[in-house]
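Colleague: Mind having a look at this structure? Questions to follow.
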Ligand code: ADP
């Protein structure tokens, strides 16, 4: 019987190893499938602007066609727009891989967050297309330890989204609430909002809500913006999420710790 017990044990072990190997194999295949899906998403995002640029250049170069001034300008504007888009994509991809590789090191300085917000709004002025931006900033605000460039990028991304996904002219509210250990920044719009089941997924890289295009039609995103925002905020020891704005719309909220006890590493 001890012979039998040994054989049995061996067989059970073999089966266990086979099962483990199968699980590893499936995991690898899943990673491969995911990588392929990501790659084809990026390829698509590169190809679309490229083919617009190619068409515009080919048209401009046609010798036997005399384009009127407006059309000619239109071609050039579309080349500019699509090149910007490609540049954006490359920058986003680099940011994303830096975040994933853990190579993001915020260079923190003490800075008044309300000033940063006003800087961003000034810089974005022309892109707000006449939208009203209401700011609700407390009078007494402690400076926050932050990487200026990174938080600037988060605010810019969130504002760009609020412009891109809500009807022209609809207002945006920005507010800061100061608590004991953190500040909460809210960027709320009056757009279609985000369905409850998608409020986490939109922070995944390349995730875009299906069937919703921008009102301008031109400014197509890459699905990386919010994933980058989350990476940048988490590098500061903060959190970011979206909730429904009472009365309709999306309310993106992020926190930044007010002291080292809030999650930032002590040097
Ligand atoms: P992108 O804007 O490049 O698609 P993001 O990561 O910035 O990528 O956003 C992911 C998705 O979340 C968008 O495709 C959009 O569907 C949705 N979204 C983002 N911001 C808003 C908003 N303010 N209102 C409604 N939907 C939004």
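Computed from the coordinates by the stated procedures, all read-outs in this text should not be read as laboratory data. Quantities reported herein were computed from a predicted structural model and do not represent experimental measurements. Note that each Cβ is placed from the backbone with ideal geometry, even for glycine, and that neighbours are counted across all protein chains shown.
Colleague: Between residue 80 and residue 33, what length comes free when the chain is fully extended (0.36 nm per residue of separation minus the Cα-Cα distance, one decimal in nm)?
Modeller: Working: separation 47, 0.36 × 47 = 16.92 nm, distance 3.41 nm.
Taking 0.36 nm per residue and subtracting the Cα distance, the gain is 13.5 nm.
Colleague: Also: Rounded if a/c is under 1.5, else prolate if a/b is larger than b/c, else oblate: which is the range 127-229, with a ≥ b ≥ c the root eigenvalues of its Cα gyration tensor?
Modeller: On the way: a/c = 1.91, a/b = 1.45, b/c = 1.32.
Cα axes put the range 127-229 in the prolate bin.
Colleague: For helix 113-124, report the angle its Cα long axis makes with the longest principal axis of the Cα atoms of the chain; keep it between 0 and 90° and round to the nearest 10°.
Modeller: Rounded to the nearest ten degrees, it is 60.
Colleague: Tell me the angle of helix 148-164 to the major Cα principal axis of the chain, expressed in degrees between 0 and 90 and rounded to the nearest ten.
Modeller: So the inclination is approximately 70 degrees.
Colleague: Could you please state, rounded to a whole Å, how far the C-alpha centre of the range 27-82 is from the C-alpha centre of the range 175-197?
Modeller: Rounded to whole Å, the Cα centres lie 35 Å apart.
Colleague: Extension gain residue 46-residue 13, at 0.36 nm per residue separation less the Cα-Cα distance, in nm? All intermediate terms of the calculation are to be shown ahead of the outcome.
Modeller: Details: separation 33, 0.36 × 33 = 11.88 nm, distance 4.91 nm.
Residue separation times 0.36 nm, minus the Cα-Cα distance, leaves 7.0 nm.
Colleague: Now for a different question. Given points 7 Å out from each Cα along the Cα-Cβ axis, report the residue 54 to residue 105 separation in nanometres with one decimal.
Modeller: For the pair residue 54/residue 105, the computed spacing is 4.2 nm.
Colleague: Determine the calculated [θ] at 222 nm for the chain from helices alone, applying -39500 (n - 2.57) to every DSSP H run no shorter than 4 residues and normalising by the residue count; nearest 500 deg cm²/dmol.
Modeller: Values: 5 runs with 132 residues, N = 267.
After summing the helix terms and dividing by residue count, I get -17500 deg cm²/dmol.
Colleague: What angle, in degrees between 0 and 90 and rounded to the nearest 10, separates the Cα long axis of helix 2-61 from the longest principal axis of the Cα atoms of the chain?
Modeller: 20 degrees
Colleague: Hey, another quick one. Among 141-150, 22-31, 119-128, what's the highest-first ranking by average C-beta atoms within 10 angstrom per residue? Please list the in-between numbers first.
Modeller: Details: 141-150: 17.6, 22-31: 10.0, 119-128: 12.8.
Going by the mean number of other Cβ atoms within 10 Å, highest first, we get 141-150, 119-128, 22-31.
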